[in-house]
Each structure stands twice: as C-alpha cells, then as structure tokens.
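The structure appears below as structure tokens.
The values are calculated or read from the model by the stated rules, or taken from the named source; none is laboratory data. Treat the numbers as computed from the prediction; the structure is a model and nothing was measured. A quick note on method: Cβ atoms are made from the backbone with ideal geometry, for glycine too, and the neighbour counts reach across all protein chains shown.
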C-alpha cells in the first residue's frame with residue numbers, strides 16, 4: 001500500500017501533465033528541457049489544522065529550453081505562465097523565485113522555482 005504523501009505527489013504530477021507540461025518527480029540523470037522537476041521543500045510537512053490535515057511543501061523547478069539569452073528568458077517566462085495556469089485547485093502557489101542559471105552535465109540552463117503547498121490528509 002502506498003502512503004498519502006507519495007500518492008499526493010503522484011496526483012499533482014498527473015494534473016500538471018494533463019495541462020501539457022513535461023514533469024518528473026525526481027531529479028533525472030540528464031535534463032532535457034523544457035521540463036518541470038518536483039522537489040521537496042523545507043519544511044516538508046506542516047500541520048494545517050487539528051487532526052490529520054497537513055501542508056505538503058514542494059518546489060517546482062522549471063528548466064527552460066536552451067537558446068540565446070533573450071530567447072531563453074522568454075522561454076522561461078512562458079514556462080512560468082504555463083505552470084501557474086496548470087495549478088490544480090488543491091495547490092497553493094506561495095511564490096515564484098527569481099531566475100537563476102542551473103549547471104548540470106556540462107550544460108547551463110535558465111531556471112526558476114515555484115514554491116507550492118498541497119493540503120493533504122494523512
């Protein structure tokens with residue numbers, strides 16, 4: 001039997017994919033942009049109310065397609081807009097952080113992170 005935390009992240013991933021995003025719920029060995037990577041955020045879980053309601057804190061890492069600097073910036077802005085439009089009703093966007101350059105596998109990608117919390121029942 002799978003736990004509620006894992007099920008909640010899987011459902012969130014599916015909802016984002018249904019909106020047309022390419023989403024991974026793990027850090028891949030090789031990044032192929034454009035992609036959204038779901039990471040855990042600190043604190044991972046916080047109580048929402050008394051009882052069994054919790055907030056699951058996640059970070060969406062949006063990696064833009066490689067291009068010239070100007071085009072990569074526009075690609076990242078579009079990726080942010082697409083992700084915000086794809087948010088299901090049970091997800092609350094806390095903030096979109098400033099873009100940064102991510103280095104991986106001898107390549108650089110323009111990236112931004114969106115902090116999200118999901119309300120779950122355990």
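If I go through segment 71-97 residue by residue, how many of them are assigned to a loop (DSSP other than H, G, I, E, B) and surrounded by 12 or more Cβ atoms within 10 Å (Cβ to Cβ)?
Number satisfying all stated conditions: 4.
Here residue 45 clears all of (1) closer than 17 Å to residue 110 by Cα; (2) in contact (Cβ under 8 Å) with a residue 40 or more places away in the chain; (3) in contact with a helix residue (DSSP H, G or I) (Cβ under 8 Å, 6 or more places away or on another chain); (4) not in a loop (DSSP other than H, G, I, E, B) except the condition numbered (1). Of all residues in segment 30-42, those being loosely packed, with under 11 Cβ neighbours inside 10 Å and either in contact with a helix residue (DSSP H, G or I) (Cβ under 7 Å, 6 or more places away or on another chain) or farther than 20 Å from residue 10 by Cα (or both) number 2.
Being farther than 21 Å from residue 120 by Cβ and surrounded by fewer than 17 Cβ atoms within 10 Å (Cβ to Cβ) is the requirement here; does residue 100 meet it? Spelling it out, residue 100 is indeed farther than 21 Å from residue 120 by Cβ and surrounded by fewer than 17 Cβ atoms within 10 Å (Cβ to Cβ).
In the condition set (1) within 18 Å of residue 99 (Cβ to Cβ); (2) at pLDDT 95 or above; (3) surrounded by fewer than 16 Cβ atoms within 10 Å (Cβ to Cβ), residue 60 is compliant with all but (3). Residues in segment 89-122 that are modelled with pLDDT of 95 or more and under 22 Å from residue 3 (Cα atoms): 91, 92, 116, 117, 118.
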